[in-house]
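Engineer: One structure coming up, written as structure tokens, with questions to follow.
All of the numbers you see were taken from the coordinates with simple rules; none came from a lab. Keep in mind that what you see is a predicted model, and the values were worked out from it rather than measured. Ideal geometry is used to build each Cβ from the backbone, glycine not excepted, and the neighbour counts take in all protein chains shown.
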Amino acid sequence: MVGGPFLPDALALAPAVPVALAVDRWWGEPPVRWHPVVWMGKALEHLGRWAAPAARGDGGTEAAAGPFVRGALAWLCLAAAVCVVALGLQFWLLQWPVWAQALLLGLCLKPLLAWRMLRSEVAAVEAALEQSLQAGRERLSWLCSRDVSQLTESEVRETAIETLAENLNDSVVAPVFWFLVAGLPGAALYRMANTADAMWGYRGERQGRVWTWAGKWAARTDDVLSWLPARLTAGLLWAASHGPGGASVRWSRLPQEAAFTPSPNGGWPMATMAMALGVRLGKPGVYVLNAMGAEPGTRDMERALGMAGRAVGWGVALCVLAALSIWIGTLS
């Protein structure tokens, strides 16, 4: 959080976070045609046709080296383009006074995080479940890529709560973390990496192309960039669990629970949420978190949303305190 020729001063970076979240709360997402994450997705879609080999009807596959190299090169080229654009925009913003930098950086940061949309989409799953199980499954399919056709009502809630916890990191905490570390280029690079993982980070065939090696670079870079933010997200959820409706979470137990998931990062916020709510979360046939917990019900969905909201509030409070401490330091 140290300023420089291309990096804003910490006195501008820290206040930009609450500005971005305030814009997110009041106005939500920008129009699709102006959304930078949508642009990243379209670029990844085009590059993916070059990087990933088409699935062959005879079950054969291309040697690993070619798809891996193409996937890595495509990722690096798009990452460079994203960073150059974000750095150029940030350099222009640095010509403004510090108070204006904070406001403008917050406006630019907003499209790179999405708390209001995440919250509303998770709440919509519970609203759909009140109509029917099939409606709940269909709404859940908007949030995750797993097969939802055979999920029970409890499993639909489990998946929605897991998605809330994991995406609290991917859509809020991690972009903010990398923004505070490296400004707009940091946040933009993370969102591009996370989007690439969501689109390319699969094993086997998806949408007529084989991603096992073509998407490996995208999957691993997202793991690296998400490693620390995922644990910070768990810490924020742990702090939020001490509010209304939260249960005691033993931090020493978290590594063991998080290790049950295939992801090196996603298990941390999901396990924290499971223990804080006192419910069982899992993916059928893959893993179970807090196995002795109860099946989540309607009330647990409300508690999960409340806890995630308090975690975001804790994050904002930390940014405000950081800004105040830096400002006081400049006066002394």
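Engineer: Once both labels are modelled 7 Å past Cα along the beta-carbon direction, what's the residue 145-residue 45 spacing in nm?
Structural biologist: 1.5 nm
Engineer: Nothing charged except the Cβ atoms of Lys and Arg (+1) and of Asp and Glu (-1): what's the magnitude of the dipole of region 10-331 about its Cα centre? Round to the nearest 20 debye.
Structural biologist: On the way: 27 positive and 24 negative charges, 96 e Å.
Dipole about the Cα centre, nearest 20: 460 debye.
Engineer: Along the charge dipole of the chain, which of 195, 55, 108 sits closest to the positive end, that is, farthest toward it, with unit charges on the beta carbon of Lys, Arg, Asp and Glu (+1, +1, -1, -1)?
Structural biologist: After comparing all options, I get 108.
Engineer: With semi-axes √(5λ) of the Cα gyration tensor in Å defined as stated, name the option among (i) 31, 28, 17; (ii) 36, 20, 18; (iii) 48, 21, 16 computed from the structure displayed.
Structural biologist: Matching the structure shown: (i).
Engineer: Please sort 288-299, 196-207 by packing, taking for each peptide the average over its residues of neighbouring beta carbons within 10 angstrom, highest first.
Structural biologist: Details: 288-299: 15.8, 196-207: 18.2.
The densest-packed peptide leads the list: 196-207, 288-299.
Engineer: GNM, the chain, Cα, under 10 Å: largest mean-square fluctuation among 235, 215, 88?
Structural biologist: The residue with the greatest mean-square fluctuation here is 88.
Engineer: Just rank 216, 42, fewest to most, by other beta-carbon atoms within 10 angstrom.
Structural biologist: Details: 216 19, 42 10.
So the ranking, lowest neighbour count to highest, is 42, 216.
Engineer: Neighbouring Cβ atoms within 10 Å as the yardstick, rank 224, 249, 148 fewest first. Could you put the intermediate results ahead of the total?
Structural biologist: Values: 224 11, 249 25, 148 19.
Going from sparsest to densest Cβ surroundings: 224, 148, 249.
Engineer: Which of the aspartates and glutamates could be linked to residue 283 by a straight reach, that is with a Cα gap under 15 Å, when you skip same-chain ones fewer than 8 residues away?
Structural biologist: 147, 153, 155, 158, 162, 166, 257, 295
Engineer: I'd like to verify something in the chain: which complete DSSP H helices, judged by Cα projection on the helix axis, reach 20 Å or more and average at least 0.0 on the Kyte-Doolittle scale?
Structural biologist: Answer set is 10-27, 36-51, 65-93, 115-131, 174-200, 216-240, 298-331.
Engineer: Of 226, 84, 19, which is farthest towards the positive pole of the chain's charge dipole, taken about the Cα centre with +1 and -1 on the beta-carbons of Lys, Arg and Asp, Glu respectively?
Structural biologist: Towards the positive end, the residue furthest out is 84.
Engineer: Roughly how big is region 37-158's charge dipole about its Cα centre, with Cβ charges of +1 (Lys, Arg) and -1 (Asp, Glu), in debye to the nearest 20? Mind dumping the intermediate values first?
Structural biologist: Values: 11 positive and 11 negative charges, 101 e Å.
With Lys and Arg at +1 and Asp and Glu at -1, about 480 debye.
Engineer: Arranged from highest to lowest average of other beta-carbon atoms within 10 Å per residue, in what order do the peptides 90-102, 180-192, 162-174 appear? Walk me through the numbers before you get to the answer.
Structural biologist: Details: 90-102: 15.5, 180-192: 24.2, 162-174: 26.1.
Final packing ranking: 162-174, 180-192, 90-102.
Engineer: Taking the alpha-carbon distance from residue 110 and a cut-off under 24 Å, which lysines remain once sequence neighbours fewer than 8 residues away in the same chain are dropped?
Structural biologist: Within the straight-line limit of under 24 Å, residue 110 reaches these lysines: 42.
Engineer: If packing is taken as the average count of other Cβ atoms within 10 Å, what order do 307-313, 115-121 fall into, highest mean first? Mind showing how you got there, number by number?
Structural biologist: Values: 307-313: 22.1, 115-121: 18.0.
Highest-to-lowest ranking by the protection proxy: 307-313, 115-121.
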